[in-house]
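Enquirer: Just passing along the structure, written as structure tokens.
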């Protein structure tokens with residue numbers, strides 16, 4: 001019996017590190033962590049086990065995650081924000097862009113010339129959101145939507161609401177603009193996090209681009225119906 005124990009001790013001294021079994025097609029995981037202390041040869045094998053965890057559940061934060069702050073995720077999220085912007089501002093909320101109602105609005109020609117600048121600012125926002133999501137290392141798409149939505153709220157408070165305190169804008173115009181920003185960044189956050197976790201980025205990009213195209217077309221169709 002003592003010989004078996006000694007043999008077991010020698011075998012235990014050779015075991016180190018980390019064993020991780022992950023099912024990539026499922027959210028359930030099995031993580032087995034075993035760290036062996038080989039410095040104390042006289043210690044009982046049980047005392048040399050520092051950590052032993054059996055974890056089942058969602059993917060741990062940062063594990064197997066790709067980067068959101070990369071060209072494809074950022075550009076895809078940006079295109080989706082443009083599609084959402086067209087759906088709301090060119091479609092649903094188009095009647096609010098009335099110079100008789102909103103006296104501070106620019107003339108249509110000047111407004112249209114400045115639209116590309118607004119879209120470039122969305123690109124900067126999508127890139128910054130991708131960096132933030134990588135930095136905090138979240139683990140679920142739902143969390144990406146939440147982070148993006150909170151970012152949209154902050155930007156709305158800093159931008160549109162601040163302008164409202166100095167420029168003559170109706171409350172409904174401010175609320176509509178804030179809703180659009182929140183929707184854009186919440187959607188972008190979900191897309192960016194989906195790229196971090198998804199195994200097929202090219203397929204995901206095609207689906208998001210199709211959704212953006214459909215949103216833009218729907219916005220233009222709504223605009224024509226309201227004309």
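The values are calculated or read from the model by the stated rules, or taken from the named source; none is laboratory data. Note that the structure is predicted; figures quoted are calculated from it, not measured. All Cβ positions, even for glycine, are placed from backbone atoms using ideal geometry, and neighbour counts span all protein chains on display.
Enquirer: Test each condition in (1) part of a loop (DSSP other than H, G, I, E, B); (2) surrounded by fewer than 16 Cβ atoms within 10 Å (Cβ to Cβ); (3) at pLDDT below 50 for residue 32 and report the one that comes out false.
Expert: Here residue 32 meets the rest and fails (1).
Enquirer: Please verify whether residue 205 is in contact (Cβ under 8 Å) with a residue 24 or more places away in the chain, surrounded by fewer than 14 Cβ atoms within 10 Å (Cβ to Cβ) and in a helix (DSSP H, G or I), treating the condition exactly as stated.
Expert: In short, no.
Enquirer: A follow-up question, please. Give me the residue from the stretch 59-106 that is buried (at least 16 other Cβ atoms within 10 Å of the Cβ) and at pLDDT below 85 and, out of that set, nearest to the chain's Cα centre (by Cα).
Expert: 65
Enquirer: Do we find that residue 183 is modelled with pLDDT of 90 or more and buried (at least 16 other Cβ atoms within 10 Å of the Cβ) in this structure?
Expert: yes
Enquirer: Can you spot a residue in the stretch 139-159 that is at pLDDT below 90, under 21 Å from residue 92 (Cβ atoms) and out of contact with any strand residue (DSSP E or B) (no Cβ under 6 Å at 6 or more places or on another chain)?
Expert: Checked the stretch 139-159: at least one residue is at pLDDT below 90, under 21 Å from residue 92 (Cβ atoms) and out of contact with any strand residue (DSSP E or B) (no Cβ under 6 Å at 6 or more places or on another chain).
Enquirer: Sticking with this one: Check off (1) farther than 17 Å from residue 72 by Cβ; (2) part of a helix (DSSP H, G or I) for residue 122 and give me the number that stays unchecked.
Expert: Every condition holds for residue 122 apart from (1).
Enquirer: While we're on this one: Could you identify the single residue in 174, 141 that is free of Cβ contacts under 8 Å to residues at least 24 places away in the same chain and touching a helix residue (DSSP H, G or I) at 6+ places or on another chain (Cβ under 6 Å)?
Expert: Answer to the check: 174.
Enquirer: Taking the stretch 144-171 as the search range and keeping residues that are assigned to a helix (DSSP H, G or I) and out of contact with any helix residue (DSSP H, G or I) (no Cβ under 7 Å at 6 or more places or on another chain), which one is surrounded by the fewest Cβ atoms within 10 Å (Cβ to Cβ)?
Expert: Among those residues, the one meeting the criterion is 171.
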